[in-house]
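Scroll down for the structure; my scribbles are underneath it.
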Amino acid sequence: MYEGPVQDLIDELGKLPGVGPKSAQRIAFHLLSVEPTAIDRLTNALARIRDGVQFCTVCGTVSDQEKCRICADSRRDRTIICVVEEPKDVQAVERTREFKGRYHVLGGALNPLSGIGPDQLRIRELLARIANQEDGVDVAEVIIATDPNTEGEATATYLVRMMRDIPGLTVSRLASGLPMGGDLEFADELTLGRALSGRRELSRNA
């Protein structure tokens, strides 16, 4: 244990995802060794996140405006929605340059053991987007791009059950190429691009 503010910093850093006690200690002592201006830049960046970042009112990804740049782009295909778990997954799909539609961020995946059920995710908002049309245009396809792990598969299955009776809607899932148990965020562009272009249909209603 270190004294005062140093230990406080280590404790706070240790609460971040993927940062263990040793990593938190290394980061803390690195910050102690840098110039004060570097600390100021970090502080300002954190303040901008706290005060200036919001969630897109349409898709739910992070944005500095009411609508993110993708939802505000009239060139994007409004008939296709790609459903992902987290905002970071939007960027993962965008890097493939294969998808020209719009997104819907659920804010996580179903995980009853952690207390995350359908009401904790943005599923109602997704169904409302489909029912109310996107800018007067019918949604023709929903691509489920949840992570290929237990929680992601459970979420995909639940979404299919909720959407399978919607007339005229095709529900598809990313094709093989993504490893089971992995995270979408860490898939390379080629693998994710092939999975996106080769997605399989789960249900379709006339």
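Just so you know, all these numbers are worked out from the coordinates, no wet-lab data involved. Remember, predicted model here, so these are calculated numbers, not experimental data. No Cβ is skipped: glycine too gets one built from the backbone with ideal geometry, and neighbour counts run over all protein chains shown.
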- Correct choice for Cα Rg over 2.2 N^0.38 Å that was computed from the model, options (1) 0.96; (2) 1.20; (3) 1.15: (2)
- Note, ³J(HN,Hα) from phi for the stretch 64-78, Karplus 6.51, -1.76, 1.60, rounded to Hz, x at Gly and Pro: 9, 10, 4, 10, 6, 5, 6, 5, 7, 8, 5, 7, 6, 6, 7
- Task: May I ask for the distance between the Cα centers of the stretch 47-104 and the stretch 9-27, given as a whole number of Å?
- Result: 29 Å
- Query: Among Val19, Val160, Val84, which one moves the most in a GNM of the chain with springs linking Cα atoms closer than 10 Å?
  - Reply: Val19
- Counting only C-alpha contacts under 8 Å and six or more residues apart, can you give the relative contact order of the stretch 1-128 as a whole percent? 14 percent
- Cleavage-rule hits (GluC sites (Glu not before Pro)) in the stretch 1-95: DSSP loop, at most 16 neighbouring Cβ within 10 angstrom: Glu3, Glu66
- Query: Do you know the Lys pair count in the chain for C-alpha distances under 23 Å, with sequence separation 8 or more or different chains?
  - Reply: 4
- Message: How charged is the neighbourhood of Arg78? Take every other residue with its Cβ under 12 Å from the Cβ of Arg78, and add Lys/Arg as +1 and Asp/Glu as -1.
- Response: -1
- Sites matching trypsin sites (Lys or Arg not before Pro) across the stretch 1-46 that sit in DSSP coil, with at most 13 neighbouring C-beta atoms within 10 Å: Lys15
- Task: Select from Asp11, Asp188, Asp77 the residue whose mean-square fluctuation is largest in a Gaussian network model of the chain (Cα-Cα springs shorter than 10 Å).
- Result: Asp11
- Query: How much of the DSSP beta bridge set in the chain is antiparallel, as a percent to the nearest 5?
  - Reply: 40 percent
- Task: Report the residue, chosen from Ile143, Ile27, Ile81, that carries the largest GNM mean-square fluctuation when the chain is represented by alpha-carbon nodes joined by springs under 10 Å.
- Result: Ile27
- Taking the Cβ of Arg48 as the center, what net charge do the other residues with Cβ under 13 Å away carry, scoring Lys and Arg +1 and Asp and Glu -1? -1
